[in-house]
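Any read-out appearing in this document is the output of simple, stated calculations on the displayed coordinates, not a laboratory observation. Remember, predicted model here, so these are calculated numbers, not experimental data. Note that each Cβ is placed from the backbone with ideal geometry, even for glycine, and that neighbours are counted across all protein chains shown.
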Amino acid sequence: MFIRALMAFLILPFLVAGLIPLILSSLDPWRGHGFLLFGIPVMVLGLTVLLCCVRDFHVSGKGTLAPWDPPKHLVIVGLYRYSRNPMYIGVLTLIGGWAILSASPLLSCYLLLFTVIFHLRVIHFEEPCLSKKFGNEWTAYCAITSRWLPGL
């Protein structure tokens, strides 16, 4: 199970929030000088959030972040007590850190694109699937937990 979780992490978030931003920032003709002092802490925060969520999916949910091997139990521990989508928040924060680090307008557009993609995926695919799979447990969880940011 650990190997499956590790592979899913390396395939999905590493590509979306690691490799692709690295490539895009290096190819961005409008790239600035960057802000190392601000970019690195934002990236560390995003990676920390992401790793905590991957751990919770593995330990509490008995699954991975991969759509082909989802958690078998509804994950409502850790950061999932405050937001229904902290993993996406972690990925977006990591991409935002890349954009700050490289002062890349192209990466800022990439961040905006993935913000919209994640939101649409959550609303049109994930939430209906979770509602079917977990029923009343999902409904009760949604009633007390914000989709994105705590308190909203």
### Task
Provide the per-residue ³J(HN,Hα) series for segment 129-138, in order, calculated from phi with Karplus coefficients 6.51, -1.76, 1.60 and θ = phi - 60°, each as a whole number of Hz, with x at glycine and proline positions.
5, 5, 4, 5, 6, 10, x, 5, 4, 5
### Normalised contact order of the chain, rounded percent, pairs of Cα under 8 Å and 6 or more residues apart
31 percent
### Task
Once you've got the GNM for the chain with C-alpha springs shorter than 10 Å, pick whichever of A17, A99, A66 has the biggest mean-square fluctuation.
A66
### Message
How large is the Rg to Rh ratio of segment 2-144 when both quantities use alpha carbon positions and Rh follows Kirkwood?
### Response
1.01
### Summary
The simple spin-label model distance between I3 and Y82, using points 7 Å out along Cα→Cβ, in nm, is 3.6 nm
### Query
For the chain, modelled as a Gaussian network with Cα springs under 10 Å, which listed residue fluctuates most, I20, I89, I11?
I11
### Task
Restricting things to alpha carbons, find the Rg to Rh ratio for segment 1-80 using the Kirkwood radius for Rh.
1.08
### About the Cα centre, charge dipole magnitude for the chain (Lys/Arg +1, Asp/Glu -1 at Cβ), debye
280 debye
### Task
Step through the residues of segment 92-107 one at a time and calculate ³J(HN,Hα) from phi using the Karplus curve (6.51 cos²θ - 1.76 cosθ + 1.60, θ = phi - 60°), rounding each to whole Hz and writing x for Gly and Pro.
5, 5, 4, 5, x, x, 4, 4, 5, 4, 9, 6, 9, x, 4, 5
### Summary
Summed over the other residues with a beta carbon less than 9 angstrom from that of P71, with K and R at +1 and D and E at -1, the charge totals 0
### Query
Residue-wise, which Karplus ³J(HN,Hα) couplings in Hz belong to segment 20-27, taking 6.51 cos²θ - 1.76 cosθ + 1.60, θ = phi - 60°, and x for glycine or proline?
4, x, 4, 5, 4, 5, 6, 8
